[in-house]
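Notes to accompany the following structure.
Each reported figure results from applying straightforward, stated rules to the coordinates on display, with no laboratory input. Because the structure is predicted, anything quoted here is derived from the model rather than measured. Because the Cβ atoms are built from the backbone with ideal geometry, glycine has one as well, and the counts that use them run over all protein chains shown.
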Amino acid sequence: MTTQAFAADYEIDITAEICPMTYVRTRLALDRLASGQILAVTLRGADPLRNVKLSATRQGHTMLSEHPVSGDTIRLLIRRT
């Protein structure tokens, strides 16, 4: 992952979701995007972070960045393939 700044084309907040819904919501959002567009995902906790990153990369999408927001809340940027 890089520290370069990217602008998100679409954003979702899944901080209230638990696994496996965290990736289900992420997958649905990624499916709405065109190839090359960027999704910003705000999530909370180690399990959702691990599962969303793993599932997205297994689907062939690119993790662009990961930034702490506050506490255990993280913002991911994912480029759709």
Residues of region 6-22 that turn out to be closer than 10 Å to Val41 by Cα and without any contact (Cβ under 8 Å) to a residue 60 or more places away in the chain, as a count: 7
Enumeration of residues in region 25-54 that are over 20 Å from Asp72 (Cα atoms) and either more than 10 Å from the chain's Cα centre (by Cα) or among the aromatic types (Phe, Trp, Tyr) (or both): Leu28, Asp31, Arg32, Leu33, Ala34, Ser35, Gly36, Gln37
Residue pairs meeting the criteria (Cβ under 7 Å; at least 6 apart or on separate chains; first free of Cβ contacts under 8 Å to residues at least 12 places away in the same chain, in region 53-81; second of a type in the set (Lys, Arg) and in a strand (DSSP E or B)): His67/Arg75
All positions within region 38-60 that are among the aliphatic types (A, V, I, L, M) and at positive phi: none
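Quick one: which strands (runs of 3 or more DSSP E) sit completely within the chain and have at least 3 residues that are loosely packed, with under 14 Cβ neighbours inside 10 Å? Talk me through it step by step, then tell me what you get.
Details: elements: 10-13, 38-44, 62-70, 73-79.
Because the criterion is at least 3 residues that are loosely packed, with under 14 Cβ neighbours inside 10 Å, the strands (runs of 3 or more DSSP E) in the chain that meet it are 62-70.
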